[in-house]
Amino acid sequence: MIAVRWLVCLAVLIAGRPATVLGGDVVLHSCFVKVLYEARIPAPVAGVLIEMQMQEGTQLNKGDTLAVIDDREAAAALRIAQYGFEAAGKRAEDQIEEQYAKKAAEVAYYDWQQDMKANKDHPGAIPAIEVRQKKLVFQRSTLQIEKAQKDRELASLDANTKKAELDAAQMALNWRKITAPVDGEVVTTYRHQDEWVNPGDPILKLVRFDVLDVEGDVYAGEYDRGELLGRPVTVYVTKARGREVSVEGLVVHVSQLVQSDGSYVVRAEIENKREDQGWLIQPGVEAKMEIHLE
């Protein structure tokens, strides 16, 4: 009878404490399994959902298409921007005007120099005004070379502008294709195909089940943060009909805040496993967590 009462008292004592020690391991009772990542995926722009076939329970990989907002106008704008960029690039590469100006300057210089030589050999053979005009033609040809070079520089800047417009058009098109940011499962759909959406309207809710959080409490008077942070853990969950399962993980966070009862929160990440058509451990269940100190 005394032994039974002692066991009952021990059970009450353990239940009232966040943690106990077992063979060098810290055992946290009544831990809570939580979702590590969940997000309501919003519509980035306004329009009609022309593609939206996700259903609750659909398994997705990062980058999979979740929905497409009417993108015909954006696709046309992208083509226009592409043509504009290609045309600007051709103008920036075009050297014909510069080459012609150089040839014209060579001819003008030769013509001017011939008159200069003629007057040197036979003074007054060519009127001075005609010599000055041919010098002016040469100078104008030289300036045309500089102008052709400047026009190419401006064309290159215009090509950069067209490239920025092309990037913006590509971004506008990309916004209309909504993709999964991470691996996950669709748990709720808020919109359906052919519905109108506004920016910020939720399309669906995506949840990761492959990695979960497990939180428990430890008394600050028993363990320091540094003793627990980064330690491996084993998490135990009781399934239907008393079946116990376990998974491994790692302590990734130990709270700096001590609560009113003298305890602080310890959080571990665990690698969930697939079982049959679902996951081995479901968020929301109670668990036991062993933190391995050795």
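Hey, got the dipole for the chain? About the Cα centre, +1 on K and R Cβ, -1 on D and E Cβ, debye to the nearest 20?
I would put it at about 920 debye.
Just how large is the dipole of segment 72-174 about the Cα centre, in debye to the nearest 20, putting +1 at every Lys and Arg Cβ and -1 at every Asp and Glu Cβ?
Once rounded to the nearest 20, the dipole reads 200 debye.
Any chance you could give the angle, 0 to 90 degrees and rounded to 10, that helix 72-93 forms with the longest Cα principal axis of the chain?
Value to nearest ten degrees: 40.
Rg and Dmax of the chain, Cα atoms, in Å?
Rg and Dmax of the chain, Cα atoms, are 38.4, 143 Å.
What FRET efficiency would be calculated for the residue pair Ala39, Thr142, taking the C-beta separation as r and a Förster radius of 45 Å, to the nearest 0.05? Working shown, then result.
On the way: r = 64 Å, r/R0 = 1.43.
Calculated value: 0.10.
What are the residues whose amide H is under 5 Å from the amide H of Ala67, where those residues sit 5 or more places off or on another chain and H is modelled from the backbone?
Result for Ala67 returns Ile178.
In the chain, which longest range has no trypsin sites (Lys or Arg not before Pro) that are both DSSP loop (not H, G, I, E or B) and surrounded by at most 14 other Cβ atoms within 10 Å?
Details: sites that count: Lys62, Lys239, Arg243, Lys273.
Longest stretch, sites excluded: 63-238.
Return the lysines within reach of Lys205: Cα separation strictly under 27 angstrom, same-chain partners fewer than 8 residues apart disregarded; answer none if there are no such residues.
Lys34, Lys62, Lys177, Lys239, Lys273
Taking amide H positions as placed in the peptide plane 1.01 Å from N, state which residues far from Asp210 in sequence (5 or more) or on other chains have amide H under 5 Å from it.
The answer is none.
Would you calculate, for the chain, the mean residue ellipticity at 222 nm contributed by helices, counting each DSSP H stretch of 4 or more residues as -39,500 (n - 2.57) and dividing by all residues, to the nearest 500?
Theoretical 222 nm ellipticity from helices: -13500 deg cm²/dmol.
So for Met171, Met52, Met289, Met116, fewest C-beta neighbours within 10 Å to most, what's the order?
Fewest-to-most ranking of Met171, Met52, Met289, Met116: Met171, Met116, Met52, Met289.
Using the alpha-carbon atoms, what tilt in degrees (0 to 90, nearest 10) does helix 2-15 show relative to the longest principal axis of the chain?
Between the helix axis and the principal axis of the chain, the angle is about 20 degrees.
Remind me, relative contact order of segment 72-174 in percent, using alpha carbon pairs under 8 angstrom and six or more residues apart?
52 percent
Student exercise: in segment 72-174, how many lysine pairs 8 or more apart or on different chains have Cα atoms under 19 Å apart?
18
To the nearest whole percent, what portion of all C-alpha pairs in segment 154-223 is separated by more than 15 angstrom?
Within segment 154-223, distances greater than 15 Å cover 75 percent of Cα pairs.
How about segment 30-106: which GluC sites (Glu not before Pro) there lie in a loop by DSSP and see at most 12 other Cβ atoms within 10 Å? Walk me through the numbers on the way to the answer.
On the way: sites: Glu38, Glu51, Glu56, Glu73, Glu86, Glu93, Glu97, Glu98, Glu106; in loops: Glu56.
Listed in order of number, the matching sites are Glu56.
Let me check I've understood the local charge: for Lys135, count other residues with C-beta under 12 angstrom from its C-beta, Lys and Arg +1, Asp and Glu -1. What total comes out?
0
Can you tell me the orientation of helix 96-121 relative to the chain, as the angle in degrees between its alpha-carbon axis and the longest Cα principal axis, to the nearest 10?
With both axes taken from Cα atoms, the answer is about 30 degrees.
Using only alpha carbons, build the gyration tensor for segment 72-174 and give me the equivalent ellipsoid semi-axes, biggest first, whole Å. Please list the in-between numbers first.
Working: eigenvalues 500, 15, 12 Å².
Semi-axes (√(5λ), whole Å): 50, 9, 8.
Beyond 22 Å, how much of the Cα-Cα pair distribution for segment 152-290 remains, as a whole percent? Show your work: numbers first, answer last.
Values: 5965 of 9591 pairs.
Roughly 62 percent, rounded to a whole number.
What whole number of Å gives the distance from the Cα centroid of segment 241-294 to the Cα centroid of segment 61-101?
A separation of 51 Å, based on Cα centres.
Evaluate the distance, in nm, between pseudo-label points positioned 7 Å from the Cα of Arg91 and of Asp151 along their respective Cα→Cβ axes.
Result for the modelled spin labels: 1.1 nm.
Would you mind checking which residues have amide H under 5 Å from Ile203's amide H? H placed 1.01 Å from N; only 5 or more apart, or other chain.
Amide H neighbours of Ile203: Ile41, Ala43.
Placing +1 on the Cβ of each Lys and Arg and -1 on the Cβ of each Asp and Glu in the chain, which of Met171, Ala77, Val211 has its Cα farthest towards the positive end of the resulting dipole?
Ala77
Of all GluC sites (Glu not before Pro) in segment 189-285, which ones are in loop regions per DSSP and have a Cβ with at most 15 other Cβ atoms within 10 Å?
Glu195, Glu222
Using the beta-carbon distance between Ala164 and Ser246 and R0 = 41 Å, what value does 1/(1 + (r/R0)^6) give for FRET efficiency, to the nearest 0.05?
Calculated value: 0.15.
Values in this text are rule-based calculations from the coordinates and carry no lab data. Predicted, not measured: the structure shown is a model, and the values here were computed from it. Backbone-built Cβ (ideal geometry, glycine too); neighbour counts: all protein chains shown.
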